[in-house]
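Let me begin by presenting the structure, written as structure tokens, before commenting on it.
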Amino acid sequence: MILRSIIALLFMSLIIPLWGGTTVWASTESVTDWAPESTYKIMADVPDAAFQETEYKSYSGPIDGLASKSEGWTGFFRQGGRTITVDLGEQKAISQISLEFRQDSKMGVYLPKYIDVHISSNGKSWSRLGRIHHAVAANEPQVNRAFGLVFPQVTSRYVKISFPVDVWTFARHLSIAGPTSAVGRPLSLAHEVNTPLSGSPFLQIPGIEDILLVYTGAHEEKGKWTASDFSPVVAYSEGGVVKGKMFDTILFLPYYDVPTTKDGWSNYATDLFAKDIQLDALNQAVGKLQDKLGAGYKEKVILSLPYPDPKLEDFGTIDEEQPSLSFSAEKVGIQSALQNRIRAIHWFHQLLKTKWEEAKFEHLELAGIYWYKETIDPTISEDVALVKNSASIVHEGGLPFFWIPYYGSVGYDQWKDYGFDYAILQPNYYANQVPPVERMNNVHDAAKKSKMAIEVEIDEKVLTSRYYYDLFYKQLEKGHELGLDGEVTNAYYAGSKTMVQLANSQIPEARKIYDDMYKWISGQYEGRGKD
């Protein structure tokens, strides 16, 4: 094909050749930069008003825009990625396109993994010029890189530049250049076929609809669950009469302050399998409710793999013939630190598996293993390899691997690539910061696009704050409107025993949340204030 001569200005490793549909010219001499005289618009993949406000207040860029010759940077904060559509005003010959990016990994600013470049004569039908990659590691500190293409002349009015955004991406010095007058033989470039966004539903986990997160291992009584605590979250009761099932799955995970050491993890596992609390208490609660839940009913359980802190230098000894494991790359090197972290994960996974098999819970079914860390940090060396190896360990044990990243976290939309079988997206709607009105819509779109389920959030503040009480219902109302209730998979973050407190509350408004949660789960919810 004739555009095999396309080359990258700097760090391109993949170019997709073009042919057919827009005029292409054979050669150029001196060029003019058309960008400063052009207009452009920037669209986020998953727009979010709160993230947009942060980006605008913090790094809105120079007043003359991305094509400015100044040294100022324009910052892009989360929201999946950006598409910059430039209108040159009329058909112009172009032969090179570039945009400079900055990385400052300590500040959460990263080079995009790639940029895609398209052109169009009418702004509707697009032809692809190519994709540019780079080889800069995400944990490399301060780096500036110009991403660019040089190619035989094409004439076009519109140029579209797209790139993903993890946390922050900084850009400047947009340039779209070509000869003032073009000569040569015109050729045609094929228009790219645009496939509409799939209308497929959210992720539906087979046999699992409602997953309650239960934290243990610390915080005294808040972290100790008894059979009486589990009863109202396993089955819904009204006036002392069981009316139906509540959460069909319990995800056990450690509190954030459980130490990242062998002793810390061992103590957490010992507590998890202790008599009359945690797993044993859940087993007892299901057994007592067996006649109401149905013969042979088993509550599903998901257990967690804690995250091995990469700064830790003394995890402990898991092999008597070996020294204490260090997770610090600075101390033992990147590969040794990675292998030590994988060994710790393998050891703990085996510990959970052994304890589960020994417990022989009659009324529980182990349904999977959960990855505790809610984001994939690109600044931590080999974290992707850690997650993929952990997935292999879980899969070798015959179980699926679960993940619940938060909205806007790094890598949430790449969850399948990491080896996860199921992923559920946290909306972060129920938060201290006032959430944007469209947040639930954005989460809905992001989850649908990435084939994820969605989490519902609540905690003890609904018992003492009208703001959080109303905020929870706003979330529930919007979720109902978007079709997130009933026979779909959801996870539920509910703080420490919030659902138990609501079920046992003598305050009608508090108890109403528990009643409405049952309606939501069972597909009977019709909206706040409606029976």
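Residue 30 to residue 57: extension gain in nm, 0.36 nm per residue of separation minus the Cα-Cα distance? Let's see the in-between values first.
On the way: separation 27, 0.36 × 27 = 9.72 nm, distance 3.90 nm.
Residue separation times 0.36 nm, minus the Cα-Cα distance, leaves 5.8 nm.
If ligands, DNA and RNA are left out, what is the accessible area of residue 73 with a 1.4 Å probe, given in Å² to the nearest 10?
40 Å²
Nearest 10 degrees, 0 to 90: what angle lies between the long axis of helix 278-288 and the longest principal axis of the chain (Cα atoms)?
60 degrees
Can you tell me the dipole magnitude for the range 265-389 around its Cα centre, using point charges on the Cβ only (Lys, Arg +1; Asp, Glu -1), in Debye to the nearest 20?
Values: 14 positive and 20 negative charges, 82 e Å.
Around 400 debye, computed over the range 265-389.
Over all distinct alpha-carbon pairs, what is the Kirkwood Rh of the range 409-487 in angstrom? It would help to have the intermediate numbers written out before the result.
Numbers: mean 1/r = 0.0740 Å⁻¹.
13.5 Å is the Kirkwood radius here.
Pick out, from 334, 135, 274, the residue whose Cα sits farthest towards the positive end of the charge dipole of the chain, with +1 on the Cβ of Lys and Arg and -1 on the Cβ of Asp and Glu.
My answer, from the dipole projection, is 135.
Taking every eigenvalue of the Cα gyration tensor of the chain, multiplying by 5 and rooting it, what semi-axes result, largest first, whole Å? Walk me through the intermediate numbers first.
Working: eigenvalues 497, 157, 77 Å².
Here the semi-axes work out to 50, 28, 20 Å.
Whole-Hz Karplus ³J(HN,Hα) for the range 161-173, in order, using 6.51 cos²θ - 1.76 cosθ + 1.60 and θ = phi - 60°, x for Gly and Pro?
These are the phi-based 3J(HN,Hα) values: 10, 10, 7, x, 10, 8, 9, 10, 10, 9, 9, 6, 6 Hz.
For residue 180 and residue 37 in one chain, what is 0.36 nm times their gap in residues minus the Cα-Cα distance, to one decimal in nm?
Working: separation 143, 0.36 × 143 = 51.48 nm, distance 1.37 nm.
Length gained between residue 180 and residue 37: 50.1 nm.
Give the relative contact order (percent, whole number) for the chain; include only Cα pairs under 8 Å separated by 6+ residues. Provide the component values of the computation, followed by the final result.
Working: 1137 pairs, mean separation 76.2, N = 531.
In percent, rounded to a whole number, it is 14.
Can you tell me how much longer the chain between residue 414 and residue 512 gets when fully stretched, taken as 0.36 nm per residue apart minus their C-alpha distance, in nm with one decimal? Before the final figure, lay out the partial values.
On the way: separation 98, 0.36 × 98 = 35.28 nm, distance 3.80 nm.
Contour length minus Cα-Cα distance gives 31.5 nm.
Helix 508-522 sits at what angle to the longest principal axis of the chain, using alpha carbons and giving 0 to 90 degrees rounded to 10?
Around 70 degrees separate the two axes.
Note the angle between two axes, namely the Cα long axis of helix 466-481 and the longest principal axis of the Cα atoms of the chain, as a number of degrees from 0 to 90, rounded to the nearest 10.
With both axes taken from Cα atoms, the answer is about 70 degrees.
Could you order 516, 45 so the one with the most accessible surface comes first? Probe is 1.4 Å.
Values: 516 0, 45 80 Å².
Ranked from most to least accessible, the order is 45, 516.
Got a sec? What order do 107, 499 fall in by accessible area at 1.4 Å, biggest, i.e. largest, first?
Values: 107 125, 499 5 Å².
In descending accessible area the options line up as 107, 499.
Once phi is turned into ³J(HN,Hα) by the Karplus curve 6.51 cos²θ - 1.76 cosθ + 1.60 with θ = phi - 60°, what whole-Hz value does each residue of the range 387-401 show in order, with x for glycine and proline?
For the range 387-401, the Karplus curve yields 5, 5, 5, 5, 4, 5, 4, 5, 5, 5, x, x, 10, x, 10 Hz.
Taking the alpha carbon gyration tensor of the range 352-505, what are the square roots of 5 times its eigenvalues, largest first, to the nearest whole Å? Intermediate values should be presented prior to the final figure.
Values: eigenvalues 165, 94, 41 Å².
Rounded to whole Å, the semi-axes are 29, 22, 14.
Taking a point 7 angstrom from the Cα of residue 104 along the C-beta vector, which residues in the range 142-157 have backbone N less than 11 Å away?
Counting only backbone N, you get 142-143.
What accessible area, in Å² to the nearest ten, does a 1.4 Å probe give for residue 180?
110 Å²
Considering only DSSP beta bridges with both partners in the chain, what is the antiparallel share in %, to the nearest 5? Write out the running numbers ahead of the final one.
Details: 57 of 89 bridges.
If we restrict to bridges inside the chain, about 65 percent are antiparallel.
For the chain, with only Lys/Arg (+1) and Asp/Glu (-1) charged at the beta-carbon, what is the dipole magnitude about the Cα centre, in debye rounded to 20?
On the way: 52 positive and 66 negative charges, 292 e Å.
For this selection, approximately 1400 debye.
Can you give me the long-range amide H partners of residue 92? Hydrogens built in the peptide plane at 1.01 Å from N, cutoff under 5 Å, separation of 5 or more residues or another chain.
So residue 92 has HN proximity to 156, 157.
Once the Cβ-Cβ distance between residue 459 and residue 263 is put in as r, and R0 is 25 Å, what FRET efficiency do you end up with, to the nearest 0.05? Display every interim value, and only then the final one.
Values: r = 29 Å, r/R0 = 1.17.
Computed FRET efficiency for residue 459 and residue 263: 0.30.
If I ignore ligands, DNA and RNA and count only protein heavy atoms, how much of residue 445 is accessible to a 1.4 Å probe, in Å² to the nearest 10?
Approximately 80 Å² of residue 445 is accessible to the 1.4 Å probe.
From the protein chains alone at 1.4 Å, what is the descending order of accessible area for 457, 71, largest first? It would help to have the intermediate numbers written out before the result.
Working: 457 10, 71 115 Å².
Result, largest first: 71, 457.
Using a probe radius of 1.4 Å on heavy atoms only, what accessible surface per residue do you get for the chain? Whole Å² is fine.
Values: 23570 Å² over 531 residues.
Result: 44 Å² per residue.
Please report, as a whole percent, how much of the solvent-accessible surface of the chain comes from carbon and sulfur atoms (probe radius 1.4 Å). Present the calculation step by step, with values, prior to reporting the outcome.
On the way: 11830 of 23570 Å².
Roughly 50 percent, rounded to a whole number.
Which is farthest toward the positive dipole end of the range 29-166 among 164, 35, 63, measuring Cα position about the Cα centre, with Cβ charges +1 (Lys, Arg) and -1 (Asp, Glu)?
The residue sitting farthest along the positive end of the dipole is 164.
Among 244, 150, 443, flag the residue with its Cα farthest along the positive direction of the charge dipole of the chain, charges on Cβ as +1 for Lys/Arg and -1 for Asp/Glu.
Result: 150.
The values are calculated or read from the model by the stated rules, or taken from the named source; none is laboratory data. Everything quoted here is computed from the prediction, not taken from an experiment. Neighbour counts are summed over all protein chains in view; Cβ atoms, including those assigned to glycine, are modelled from backbone coordinates with ideal geometry. With ligands, DNA and RNA removed, areas are computed over all heavy atoms of the protein, side chains included. Shrake-Rupley method; radii C 1.70, N 1.55, O 1.52, S 1.80 Å.
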